[in-house]
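Structure, as structure tokens:
FYI, it's all coordinate maths here, none of it is from the lab. Note that the structure is predicted; figures quoted are calculated from it, not measured. Counting neighbours? That spans all protein chains shown, and the Cβs are built from the backbone with ideal geometry, glycine included.
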């Protein structure tokens, strides 16, 4: 997928029969995937070409002085997921105060028509853009001489409710990863840059990759079984999310928050059987299930013993997962 981070560096000549959509696309859940499927169908209907997703470098609420939600996925994670589900071009629009004042008409003219020469715009059933969120399907269809055909994607419903990033976000934060995965259409995954830690995992005999999630949402504290892909090869992994209470001072409170706090908590990934160097690379881990809660152990030896049991359980799960059906 081609990623364009400045609309001023491209023009209509850089696009081929673009069919476009717009949104934040946090999580790239099943509803978003449905939208991308319809985008591909419309593209084929007009003879093929670019399937363009317009998204933003930050949440609009952040610029408007309101508290934005914690993202399920960082921008880089979203872009990777959008590419997997059929987008061929992503135009990342820097959202600022001036852009927030644009009318829907101006946004369509500046971004879709002048920048890419798009004449086909697909919106989600609840999409809104432009000042005051006026840019709905109904609003745009009533505009004279818009010069752009606007279509609306029907909502995708799960358990009688349209799938939304808001509901999935709450499930992830509560640690309900199986429920969230059903709405995402994929496992809950964490994406972050591998940073240098204090080497404590290696001292214990279980080296870990420390992920900087860039303030994306993570489930509640605990140890999770997971899968990660490195150089095209899948590896089983254990992911510890929390504050490593065994190494906290004894006078520190043990009733630490169960919700992920990027300022206090760590995400550590033990990749079973992998010995390479991952520092300063991006790593995605797919959470499969919760193994146990995080807790304080009486000493280092007790912790090492428990991690050994966790690894044995991981090996058993991986063997069963890869076993051929009977």
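Listed values, structure above:
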{"quantity": "GNM flexibility winner over the chain from 210, 240, 277 (Cα, springs under 10 Å)", "calculated": "277"}
{"quantity": "Whole-number D in µm²/s for the stretch 1-156 (Stokes-Einstein; Kirkwood sum over Cα pairs; 20 °C, 1.002 mPa s)", "calculated": "137"}
{"quantity": "Choice from 218, 301, 87 showing the highest fluctuation, given a GNM over the chain with Cα pairs closer than 10 Å", "calculated": "301"}
{"quantity": "The stretch 160-232 and the stretch 271-309: distance between their alpha carbon centers, rounded to Å", "calculated": "12"}
{"quantity": "Whole-Å semi-axes of the ellipsoid equivalent to the stretch 187-321 (Cα gyration tensor, √5λ, descending)", "calculated": "22, 18, 15"}
{"quantity": "Extended-chain gain in nm, criterion 0.36 nm per residue less alpha-carbon gap, residue 134 and residue 103", "calculated": "10.4 nm"}
{"quantity": "Structure-based [θ]222 nm, the chain - -39500 (n - 2.57) summed over DSSP H runs of at least 4, per residue, nearest 500", "calculated": "-7500 deg cm²/dmol"}
{"quantity": "Principal-axis tilt of helix 75-84 within the chain, Cα atoms, nearest 10 degrees", "calculated": "70"}
{"quantity": "Kirkwood Rh, angstrom, the stretch 125-192 [1 / mean 1/r, Cα pairs]", "calculated": "14.5"}
{"quantity": "Most mobile listed residue (175, 130, 192) in the chain, GNM with C-alpha springs under 10 Å", "calculated": "130"}
{"quantity": "Folded to 0 to 90 degrees: helix 30-45 orientation relative to the chain principal axis, Cα", "calculated": "40"}
{"quantity": "Proxy reagent accessibility, fewest Cβ within 10 Å first, across 158, 8, 85", "calculated": "8, 158, 85"}
{"quantity": "For the chain, average projected area of the Cα convex hull in nm²", "calculated": "20.0"}
{"quantity": "With Cα atoms, 0 to 90° folded angle of helix 300-322 axis to the chain main axis", "calculated": "50"}
